[in-house]
Amino acid sequence: MARGVDEVAQAVGEIAGAWRAERAERQARRHLDPADFDALRAAGLLAMPVPAEAGGLWGGADVSARPLCETYRCLAGADPSVALVSSMHPAVVAFWLASPDPSQPEWERQRSAVFASALANEQWGTITSEPGSGGDIFRTRATAAPLDGESFLPGRAYAVTGDKHFGSGMGVTDRMMTTAVADGDDAPAIFVLDVRGRAWDGTAGLVLIAEWDGVGMKATQSHAMRLERIPSVRMAWGGKLEAITRAAGPLVATLFTAVVLGVLDEAVGLARDQMRNRAAGLRPFEQVEWARAEQDHWLAVQAYEGALRAIESGDNAAALHAALRAKQSVAELAEQTLSRLTRVLGGGTFSQRSPFAHWFEDVRALGFLRPPWGLAYDQLFTTSLE
């Protein structure tokens, strides 16, 4: 029997509780464990962004955005790397979820196939970033050439070629979204890759250029890859790409905000536990830094809540600006808060044995996550005037 939203959230919470007991070992990892994603599949997490009418758990942004984001917030406190890679699934499915259009039959067929894929426990992800693009998917230099034959999703088959990086979840993800410019087109389009089980030696369209070696979010397997005529399916949306990205934008940004906030929640919670045993001996500076850290955490929570309320209002333009504003605010506040906590708790927090050392680098890395800083502020300026 299919689980409901509350049951999925409870199951994920139990998984997160077990992972917390493994924190030291998990924070030392440089790779993902497929068993973690199997556990999340078994919990029903991949069905949360699938519409109820398609057999999933999504009842609309007004009722489903909050429990989805809260579930990833909980997961991020236990394992930020797994939470980030897993959050890519609803973030990518959102591109099909947020723009129903019965006037486009081919689009609706493709939407149904994407939802069926998620219900079949196929993990979705993204590998859109390119060197020199500044994170802007509209600045892709990848190309796509038409392919003959059947495709693995409804839509036109293409072969995509180009260099990509930050492909979070490479090796544990089944389908990945990317962007390229198709032959004869002037503007980029979105393409879906079937990456499960493909070799990375160039024999199956993928070449590993560099393994992810980041000092933050170390275990996300965000590898740099070269696509060499890899089979893909073009997104069947008949309108402008910008319309799709704007429709999905509020949920995507708030999902990533939930991951950042989940890490911050965990750091502040552990710091509070440690502070209780040493409060009487704190110097005035340390007392002030702790008070300011706690205040910054509260502000981060308010920014996140504001984004959720905007999504729930149904006003997409307002929600997009609120979500972008919250994502940037929480990213800055998280990094600032972790800095304050290290000053209060002492130099031991810089040891690899301290969870705070890992969390500090994790929130720094997450600040660059879609959209990265420069592009994010471009978008914040633009949306502030709409």
Residues of region 327-386 being among the acidic types (Asp, Glu) and either at pLDDT 90 or above or open to solvent by less than 40 Å² (accessible area, probe 1.4 Å) (or both), which ones? GLU332, GLU335, GLU361, ASP362
For region 248-268, check the following and say yes or no: at least one residue is touching a residue at least 40 places away in the same chain (Cβ under 8 Å), open to solvent by 10 Å² or more (accessible area, probe 1.4 Å), farther than 26 Å from GLY171 by Cβ and of a type in the set (Ser, Thr, Tyr). no
Of the residues in region 130-149, those that are in a loop (DSSP other than H, G, I, E, B), at pLDDT 95 or above and open to solvent by 50 Å² or more (accessible area, probe 1.4 Å) come to ARG141, LEU147
For the structure I just gave you, tell me whether VAL92 is assigned to a helix (DSSP H, G or I), within 28 Å of ALA310 (Cβ to Cβ) and open to solvent by 40 Å² or more (accessible area, probe 1.4 Å). no
Region 145-161, residues that are closer than 14 Å to ILE230 by Cα and in contact with an Asp or Glu (Cβ under 7 Å, 6 or more places away or on another chain): ALA145, PRO146, PHE152, THR161
Pull up region 152-201, narrow it to residues that are open to solvent by 10 Å² or more (accessible area, probe 1.4 Å) and of a type in the set (Val, Ile, Thr), then point me to the one that is farthest from LYS240 (Cα to Cα). VAL172
Which pairs do you get when a residue that is hydrophobic (A, V, I, L, M, F, W, C), found in region 85-98, comes within reach of a residue that is part of a helix (DSSP H, G or I) and open to solvent by less than 10 Å² (accessible area, probe 1.4 Å), reach meaning Cβ atoms under 6 angstrom, with the pair 6+ apart or on two chains? ALA91/LEU255; VAL93/ALA118; ALA94/ALA248; PHE95/ILE244; PHE95/ALA248; TRP96/VAL114; ALA98/ALA248
Cβ pairs under 8 Å, 6+ apart or interchain, first in region 9-24 and in contact (Cβ under 8 Å) with a residue 40 or more places away in the chain, second charged (D, E, K, R), ordered by first then second residue, are ALA9/GLU70; ALA16/ASP79; TRP19/ARG26; TRP19/ASP36; TRP19/ASP79; ALA24/ARG353
So GLY314 passes all but one of these: (1) at negative phi; (2) in contact with an Asp or Glu (Cβ under 7 Å, 6 or more places away or on another chain). Which condition number does it fail? (1)
With respect to ALA236, is the statement that it is buried (at least 17 other Cβ atoms within 10 Å of the Cβ) and more than 20 Å from GLU130 (Cβ to Cβ) true? yes
The conditions are (1) closer than 28 Å to SER117 by Cα; (2) open to solvent by less than 20 Å² (accessible area, probe 1.4 Å); (3) in a loop (DSSP other than H, G, I, E, B), and GLY214 fails exactly one of them. Which is it? (1)
From the set of residues in region 28-62 that are of a type outside the set (A, V, I, L, M) and either modelled with pLDDT under 95 or in a helix (DSSP H, G or I) (or both), which is surrounded by the fewest Cβ atoms within 10 Å (Cβ to Cβ)? GLU53
Identify the residue in region 113-150 that is of a type outside the set (Gly, Ala, Ser) and over 21 Å from the mean Cα position of the chain (by Cα) and, among all such residues, is farthest from ALA180 (Cα to Cα). GLU150
If you go through region 168-200 one residue at a time, how many are assigned to a strand (DSSP E or B) and either among the polar types (S, T, N, Q) or within 17 Å of ARG229 (Cβ to Cβ) (or both)? 11
Yes or no: region 121-129 includes at least one residue that is surrounded by fewer than 18 Cβ atoms within 10 Å (Cβ to Cβ), touching a helix residue (DSSP H, G or I) at 6+ places or on another chain (Cβ under 6 Å) and under 20 Å from ALA47 (Cα atoms). yes
With (1) in contact (Cβ under 8 Å) with a residue 24 or more places away in the chain; (2) open to solvent by 10 Å² or more (accessible area, probe 1.4 Å); (3) not small (Gly, Ala, Ser) as the list, and ARG276 as the residue in question, which single condition is left unmet? (1)
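The values are calculated or read from the model by the stated rules, or taken from the named source; none is laboratory data. Please read these numbers as outputs of a predicted model, since none were measured by experiment. Virtual Cβ from ideal backbone geometry, glycine too; neighbours counted across all protein chains shown. Surface areas here come from the heavy atoms of the whole protein model, side chains and all, with no ligands, DNA or RNA. Shrake-Rupley method; radii C 1.70, N 1.55, O 1.52, S 1.80 Å.
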